[in-house]
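One structure is given here, and the rest of the page talks about it.
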Amino acid sequence: MNNPQNLKEHWNKAYDKADNQLGWFEENPTPTMQLIDTCKLEKDARILNVGVGTTTLIDVLLDAGFTNLIANDLSNLALEKLKERILKSHNYNLNSIVDDLTKPIVLQNLESIDLWIDRAVLHFFLKDEEQTAYFNLIKKIVTKDGYMLIAVFSLDGAEKCCGLDLKRYNVEMLQNKLGNSFKLINSFNHTFINPFGSERPYVYTLFKRC
């Protein structure tokens with residue numbers, strides 16, 4: 001499953017169903033928006049949502065007046081569904097990038113990202129080299145005084161998601177990966193209740209580039 005093509009097929013198959021049938025579907029991304037609100041970003045800030053899937057967060061960001069959104073996922077099917085929905089609902093042509101966060105081709109050429117948003121992607125990267133590539137990308141493209149928001153399964157969170165093994169985190173582990181170039185602004189624990197009624201403990205974090 002570590003083969004990128006196999007992973008792409010895995011996620012395309014996962015997204016070949018209604019959004020509310022996905023185990024990670026969240027109708028109202030309230031915890032995420034609470035952290036974003038504290039950033040006090042300009043409405044034209046460059047916001048990159050990685051592993052975006054078909055999230056409702058894009059809708060909510062547009063409703064909040066943000067105008068410069070970039071969506072990334074490994075699944076081209078998820079991005080196509082998201083783009084179509086957003087174009088229909090908001091008349092907004094979403095900038096979408098199909099790319100692998102652990103072997104970025106297009107993403108590494110982005111510049112001056114003001115806010116990096118990752119909700120439940122990092123924990124799929126089990127190998128040290130995958131994690132290193134992920135955090136190196138953040139350090140490369142997030143601008144000075146920019147923000148990084150990560151919501152990831154906490155140490156007492158699920159061990160698998162969508163049939164894949166996970167690496168779980170706490171705040172200290174994330175800070176160690178980021179090093180001194182990012183400062184923790186806020187963090188909290190949040191138990192997500194998925195569409196099937198199961199509890200999924202997360203840790204939400206917001207870091208600022210020094």
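The numbers here are math on the coordinates, done by the rules we state, and not lab data. Please read these numbers as outputs of a predicted model, since none were measured by experiment. Note that each Cβ is placed from the backbone with ideal geometry, even for glycine, and that neighbours are counted across all protein chains shown.
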So for segment 83-176: antiparallel DSSP bridges make up what percent, rounded to the nearest 5? 20
Ratio Rg/Rh, restricted to segment 100-151 and using Cα atoms, in which Rh is the Kirkwood radius: 0.94
Which of 13/83; 40/140; 13/177; 88/140; 43/83; 103/183 exceed 28 Å between C-alpha atoms? The answer is 13/177; 88/140
Loop sites in segment 104-163: GluC sites (Glu not before Pro), DSSP, at most 11 other Cβ within 10 Å: 111, 159
Charge dipole of the chain about the Cα centre (unit charges at C-beta), most positive-ward option of 38, 115, 141: 141
Highest mean first, what order results for 66-77, 97-108, 46-57 on Cβ atoms within 10 Å? 46-57, 66-77, 97-108
Quick calc, the chain, dipole around Cα centre from Cβ unit charges on Lys, Arg (+) and Asp, Glu (-), nearest 20 debye, gives 340
Residues with amide H under 5 Å from that of residue 182, placed H, sequence gap 5 or more: 210
Signed unit charges on C-beta, dipole axis of the chain, positive-most listed residue 78, 50, 210: 210
Using Cβ contacts closer than 10 Å as the measure, can you line up 148, 33 from fewest to most? 33, 148
Integer Hz, Karplus 6.51/-1.76/1.60 couplings in order for segment 142-155, x for Gly and Pro: 7, 6, 4, 6, x, 10, 10, 10, 10, 10, 9, 4, 6, 4
Using only alpha carbon pairs under 8 Å that are at least six residues apart, calculate the relative contact order of the chain and give it in whole percent. 19
